[in-house]
Amino acid sequence: MRVVFVNLHSDWMLVKSASVYIFRFSPAIKHGYLLRYLLNHPEYEICNYINDRGFSTLRNDNELLMKILNVFRFAENKKTMKVNGIDLERITIIKDASDIRPDDLVILYNICKDNYREMSNVDAFKALSMLHFHGKASENEIIDKANVSCLFNEVNLDKNCELYRRYYHVDKPWVIHPFVYAERFQNKTPFSERKNMAFATGTITYKEHEEFLSTYGDACDQPSRKQIKDNSEFFKDTVYCTSSDYLEDNPGKIVKSTDILPVKLYKKIYNRLFTGKQKTYYSFDMVEAFNSYKMCVVGEEILGIPGIGFVEGMACGCAYIGIDSPAYRDWGLVPGVHYITYDGSKEDLRRVIEYYQMDEHQEELEKIAETGYKYVRDNFNGETVAANLMKELEEKQKRWLEEKGKK
């Protein structure tokens, strides 16, 4: 069957995109496993629909500028495929939305509004990944207009996210799949040889838009990470923390609506080049860090989304500590069996860690770590998750086609 990605080459969830390899950002290719799975299974023909905004190195709202830059979108695609080691012959290029067939399975990612161009005219099953959503009311309108067929994500936002429930009203079925650990995250150090503390990590970001602030009252997206970072003395003997603010190296330049076009371009290019590097955060080996501690904490986002680091920590043999979130249960994780829960406060987190630091609870702690480790290795690996995700999407597509045939 044909699987059609929208602007595959510019999707940093799937490949190392131009914005990553040109501006030297640290890649966060969270769904690279899905593309690898499809490439390794010849029963799938992978297509890349490159629309008239497929150039991603620099994006801007100026129509004339974008029209000029997008002359180079196919050249960018070739360069990006080469950088990612993907044979160009393995990807079928689609240049016009009318060439997308009714029986194609279309996959698009909510990373930028340009991906939605022409989607409302595509009469095929369209699955939208909501892993990256901006939490703005205007985005709901764009998604609604695209008339997607289903939403897929690591978390059911309709169930877990207050902001989503307030501002998004897309009545489509959800397909839920777990986060996937990268293969480099391995259990290398015997549990008894690790430090009897918790390792806390994760990036801290801020959202200043009205919808986020009106829902949560504070701009911090990961307050549970921030409370550990800001209370190092309180956690002195229980937690070693490497959490870092995304803009701690350079806050960047604020792009104002009153700026003239050359100034806006300068500021955007400056921010691309010099912000978000987190040099200290990326200066150590995360795999070695997880393997150095018996427990780990990767604070959840206030949006109700756990950080991918919790899977990576468990894959390295750590006993994971998190809140009792429905998201974990949706993936089959059981509190007290696969991971440890706390109520979200710093006091309870320290209490829980101190409990498991006691000699009489070491056996219990190691059992939770081992059970969680085995469950994650068996169920959260790329091959298994991709196979299950494609199976569910194909089942949804089959029902969609059947319903369409009845009309």
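Some observations on this one:
- Candidates are the residues of the range 124-163 that are part of a helix (DSSP H, G or I) and among the basic types (Lys, Arg); the one that is nearest to Asn388 (Cα to Cα) is Lys159.
- Ile29 vs. criteria out of contact with any Asp or Glu (no Cβ under 7 Å at 6 or more places or on another chain) and aliphatic (A, V, I, L, M): yes
- The one condition in (1) surrounded by 19 or more Cβ atoms within 10 Å (Cβ to Cβ); (2) of a type outside the set (A, V, I, L, M); (3) closer than 20 Å to Lys159 by Cβ that Asp324 fails to fulfil: (1)
- Test result for Arg166, under 30 Å from Gly372 (Cβ atoms) and not in a strand (DSSP E or B): no
- Any hit, the range 62-78, residues being in contact (Cβ under 8 Å) with a residue 24 or more places away in the chain, outside any helix (DSSP H, G or I) and either over 24 Å from the mean Cα position of the chain (by Cα) or farther than 23 Å from Ile308 by Cβ (or both): yes
- Set Ile142, Ile94, Ile86: member being β-branched (Val, Ile, Thr), more than 23 Å from Ile29 (Cβ to Cβ) and either surrounded by 22 or more Cβ atoms within 10 Å (Cβ to Cβ) or in contact (Cβ under 8 Å) with a residue 24 or more places away in the chain (or both): Ile142
This table checks each residue for (1) touching a helix residue (DSSP H, G or I) at 6+ places or on another chain (Cβ under 6 Å); (2) modelled with pLDDT under 95.
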{"residue": "Met119", "(1), (2)": "yes, no"}
{"residue": "Ala124", "(1), (2)": "no, no"}
{"residue": "Lys136", "(1), (2)": "yes, yes"}
{"residue": "Phe152", "(1), (2)": "no, no"}
{"residue": "Lys188", "(1), (2)": "yes, no"}
{"residue": "Phe191", "(1), (2)": "yes, no"}
{"residue": "Lys195", "(1), (2)": "no, no"}
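- Positions within the range 1-13 being aliphatic (A, V, I, L, M) and in a loop (DSSP other than H, G, I, E, B), in sequence order: Met1, Met13
- Considering the range 14-31, the residues that are part of a helix (DSSP H, G or I) and in contact (Cβ under 8 Å) with a residue 24 or more places away in the chain include one that is nearest to Lys78 (Cα to Cα), namely Ala18.
- Scanning the range 59-73 for residues that are of a type outside the set (Asp, Glu) and surrounded by fewer than 16 Cβ atoms within 10 Å (Cβ to Cβ) returns Asn60, Asn62, Leu64, Leu65, Lys67, Ile68, Val71, Phe72.
- Total residues in the range 193-228 satisfying the condition of being of a type in the set (Lys, Arg) and either out of contact with any Gly (no Cβ under 9 Å at 6 or more places or on another chain) or over 19 Å from Cys318 (Cβ atoms) (or both): the figure is 3.
- Scope the range 33-43; condition surrounded by fewer than 22 Cβ atoms within 10 Å (Cβ to Cβ) and under 26 Å from Ala75 (Cβ atoms); matching residues: Arg36, Leu38, Leu39
- The set of residues in the range 122-136 being of a type in the set (D, E, K, R) and either surrounded by 23 or more Cβ atoms within 10 Å (Cβ to Cβ) or within 16 Å of the chain's Cα centre (by Cα) (or both) consists of Lys126 alone.
- Of all residues making up the range 103-121, the number that are without any contact (Cβ under 8 Å) to a residue 40 or more places away in the chain and more than 22 Å from the chain's Cα centre (by Cα): 2
- Checked against (1) outside any helix (DSSP H, G or I); (2) surrounded by fewer than 17 Cβ atoms within 10 Å (Cβ to Cβ), Tyr181 passes all but a single condition, namely (2).
- Residue match in the range 346-360 (condition: surrounded by fewer than 18 Cβ atoms within 10 Å (Cβ to Cβ) and of a type in the set (A, V, I, L, M)): yes
- Condition check for Ile340: touching a residue at least 40 places away in the same chain (Cβ under 8 Å) and not in a helix (DSSP H, G or I): yes
- Taken together, Ile228, Ile254 contain a single residue that is surrounded by fewer than 14 Cβ atoms within 10 Å (Cβ to Cβ), β-branched (Val, Ile, Thr) and either at negative phi or not in a strand (DSSP E or B) (or both), which is Ile254.
- Checking Ile94, Ile86 one by one, the residue that is at pLDDT 95 or above, more than 30 Å from Ser257 (Cβ to Cβ) and touching a Cys at 6+ places or on another chain (Cβ under 6 Å) is Ile94 and no other.
- Only a single item in (1) crowded, with 17+ Cβ neighbours inside 10 Å; (2) touching a Leu at 6+ places or on another chain (Cβ under 9 Å); (3) free of Cβ contacts under 8 Å to residues at least 60 places away in the same chain is not met by Ile204, and it is number (2).
- Those residues of the range 361-377 which are over 12 Å from Met314 (Cα atoms) and either among the polar types (S, T, N, Q) or surrounded by fewer than 15 Cβ atoms within 10 Å (Cβ to Cβ) (or both), in sequence order: His361, Gln362, Glu363, Lys367
The values are calculated or read from the model by the stated rules, or taken from the named source; none is laboratory data. Keep in mind it's a predicted model, so treat the numbers as computed, not measured. Every residue, glycine as well, gets a Cβ built from its backbone with ideal geometry; the counts of neighbours run over all protein chains shown.
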